[in-house]
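Here the structure is laid out as structure tokens; the discussion comes afterwards.
The values are calculated or read from the model by the stated rules, or taken from the named source; none is laboratory data. Computed from a predicted structure; not experimentally measured. Don't worry about glycine lacking a Cβ; one is built from the backbone with ideal geometry, like all the others, and counts go over all protein chains shown. SASA here: full protein model, heavy atoms, side chains in, ligands and nucleic acids out. Shrake-Rupley method; radii C 1.70, N 1.55, O 1.52, S 1.80 Å.
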Amino acid sequence: MDSIKQSASQLVFTVRRQKAELIAPAKPTPHETKFLSDIDDQEGLRFQIPVINFYRKDSDYSTGRNHDPVKIIKKAIAETLVFYYPFAGRLREGNGRKLMVDCTGEGVMFVEADADVTLEQFGDELQPPFPCLEELLYDVPGSAGVLNCPLLLIQVTRLKCGGFIFALRLNHTMSDAAGLVQFMTAVGEMARGASVPSTLPVWCRELLNSRDPPRVTCTHHEYDEVPDTKGTIIPLDDMVHKSFFFGPSEVSALRRFIPPHLRKSSTFELLTSVLWRCRTISLKPDPEEEVRVLCIVNARSKFNPPLPNGFYGNAFAFPVAVTTAAKLCKNPLGYALELVKKAKSDVTEEYMKSVADLMVMKGRPHFTVVRTYLVSDVTRAGFGEVDFGWGKAVYGGPAKGGVGAIPGVASFYIPFKNKNGENGIVVPVCLPAFAMEIFVRELNGMLKGNDDPLGKYTNYAIIKPA
């Protein structure tokens, strides 16, 4: 896998872009102001998140039928925006940093492009980091702000082989993964000839607003104000992006470390515990300092009644597990696993209301990033299922790890089939070069059945990097 990865990552190609344009809704839409929820507009979601889908050529491509993905998708976006018209508006900020959508109908940013490369040249294991990503998802000057900017930027790049790449950048305050996939699915349906999306969008952001009066009823260590006393926010220079594949054999190798009473733990819980621990060892924090892992938990089903079908706002929480670096790294894996399981179970309807109240009372703070790792499971989000008429994506999902207001903090769990046809999960990780070497060594050691936390912690984590 590494050799192929290497050759693909060294791939260099030219992308010819047309001038960026705005795609407005195909019909007139309401001009109104719509408020985001108190979950949507927290500081930690005020950034742009990139997604990328790769598609093979149409089976009819050779017959010369006019199947231009750019034309088809552009038209489908305009038609979809009639239903999702808030995406065609612009964000404004009101009193108390409250965000609202000014539904102006201006449109979303669109870039048409061609690349002198084939899908095959990307290698037979498409996974982040992707070569020339900044060419496949061009940052149109002036488009990346949170306020008064397009809420979506979409680039469709035709490939030499007849395939194409659909890349998208979303202002995260508008939607989470489930909401974005709902929109992308609608575009796919319209591209395939539908006149109405199968799931109609529902705004209803008031369902996730604070109470009156607001009252914080749960503990939210994910929003603790932690001073960065020792400069441990990850350095932005010398960052290395690498993806790790966990198939059935890797997962069962890691499951050997689970104590009997935790055997029913999910793959997400297991991987989160392993990666958090390996990552902490690799970054060598002070042993007595607190370290955190934030687990993104979709809360749609936690509400009674559940949030309406078609709701496309942010509906997740960042529950957190907190311990000291020494405890995390010296204890057997079961210790981290219990912390992660407990954090996930914290999310309830009351918890979500408590977060919304905290946002209003504390000025919409950012989640804690000092000595923090954030994981988001998009294995069931459905990015790869989106079909514009060319079938399912060869790869569909986040374009890279480490995204966010503070780069390097986040990893995604992305569904993936390796070149041997094994289904598993690929996880992009972003770390400073010195830490990535240790991370790889730690993870490989565990996959081979070695787990000597006391020895390892003594060797690496207490010795600060020079």
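Test VAL386 against the criterion of being more than 11 Å from the chain's Cα centre (by Cα), open to solvent by 30 Å² or more (accessible area, probe 1.4 Å), modelled with pLDDT of 90 or more and hydrophobic (A, V, I, L, M, F, W, C), and give yes or no. Taking the combined requirement at face value, the residue does not satisfy it.
Screening the candidates ALA381, ALA410 for the property of being crowded, with 23+ Cβ neighbours inside 10 Å and free of Cβ contacts under 8 Å to residues at least 60 places away in the same chain yields one hit, ALA410.
Hey, any hits in the range 297-304 for a residue that's in contact with a Gly (Cβ under 8 Å, 6 or more places away or on another chain) and not aliphatic (A, V, I, L, M)? No, there is no match, as no residue in the range 297-304 is in contact with a Gly (Cβ under 8 Å, 6 or more places away or on another chain) and not aliphatic (A, V, I, L, M). Filtering the range 118-130 to residues that are surrounded by fewer than 18 Cβ atoms within 10 Å (Cβ to Cβ) and part of a loop (DSSP other than H, G, I, E, B) leaves THR118, ASP124.
Taking the range 1-74 and the strands (runs of 3 or more DSSP E) fully enclosed by it, the elements with 1 or more residues that are more than 28 Å from GLU112 (Cα to Cα) and at pLDDT 95 or above are at 33-35. State whether the residues of the range 348-370 include one that is closer than 20 Å to LEU270 by Cα and open to solvent by less than 30 Å² (accessible area, probe 1.4 Å). No, the range 348-370 has no match at all. When the range 279-331 is limited to residues that are part of a loop (DSSP other than H, G, I, E, B) and touching a Pro at 6+ places or on another chain (Cβ under 7 Å), the one that is modelled with the lowest pLDDT turns out to be LYS284. Say we look at the range 131-159 and pick out the residues that are within 14 Å of VAL15 (Cα to Cα) and touching a Pro at 6+ places or on another chain (Cβ under 7 Å); which of these is least open to solvent (accessible area, probe 1.4 Å)? Once the filter is applied, the top-ranked residue is VAL156. All of LYS264, LYS284 fail the test of being in contact with a helix residue (DSSP H, G or I) (Cβ under 8 Å, 6 or more places away or on another chain), more than 27 Å from LEU45 (Cβ to Cβ) and not hydroxyl-bearing (Ser, Thr, Tyr), apart from LYS284. In this structure, does SER376 turn out to be open to solvent by less than 20 Å² (accessible area, probe 1.4 Å), farther than 21 Å from GLU225 by Cβ and among the polar types (S, T, N, Q)? It is true that SER376 is open to solvent by less than 20 Å² (accessible area, probe 1.4 Å), farther than 21 Å from GLU225 by Cβ and among the polar types (S, T, N, Q).
The condition (being farther than 26 Å from PHE318 by Cβ, of a type in the set (Asp, Glu) and surrounded by fewer than 18 Cβ atoms within 10 Å (Cβ to Cβ)) is satisfied by just one residue among ASP238, ASP224, ASP228, ASP286: ASP238.
Counting just the residues of the range 192-221 that are in contact (Cβ under 8 Å) with a residue 12 or more places away in the chain and among the charged types (D, E, K, R), which one comes out least open to solvent (accessible area, probe 1.4 Å)? The residue in question is ARG205.
None of PHE434, PHE439 is open to solvent by 40 Å² or more (accessible area, probe 1.4 Å) and either among the aliphatic types (A, V, I, L, M) or not in a loop (DSSP other than H, G, I, E, B) (or both) except PHE434.
For THR80, the criteria (1) open to solvent by 10 Å² or more (accessible area, probe 1.4 Å); (2) at pLDDT 95 or above; (3) under 17 Å from GLY179 (Cα atoms); (4) of a type in the set (S, T, N, Q) hold in every case but one, which is (1).
Which residues, counting only those in the range 263-283, are among the hydrophobic types (A, V, I, L, M, F, W, C), open to solvent by 10 Å² or more (accessible area, probe 1.4 Å) and within 18 Å of LYS341 (Cβ to Cβ)? Correct list: PHE268 only. Over 17 Å from VAL386 (Cα atoms), under 24 Å from the mean Cα position of the chain (by Cα) and modelled with pLDDT of 95 or more, is that true of ALA88? Taking the combined requirement at face value, the residue satisfies it.
Hey, among THR185, THR157, THR199, which residue is of a type outside the set (Lys, Arg) and in a strand (DSSP E or B)? On inspection, the qualifying residue turns out to be THR157. The listed residues are PRO141, PRO150, PRO213, and the only one of them that is modelled with pLDDT of 95 or more, under 24 Å from LEU91 (Cβ atoms), more than 20 Å from the chain's Cα centre (by Cα) and assigned to a loop (DSSP other than H, G, I, E, B) turns out to be PRO141.
Scanning the range 62-115 for residues that are small (Gly, Ala, Ser) and on the phi > 0 side of the Ramachandran plot turns up GLY64, GLY96, GLY105, GLY107.
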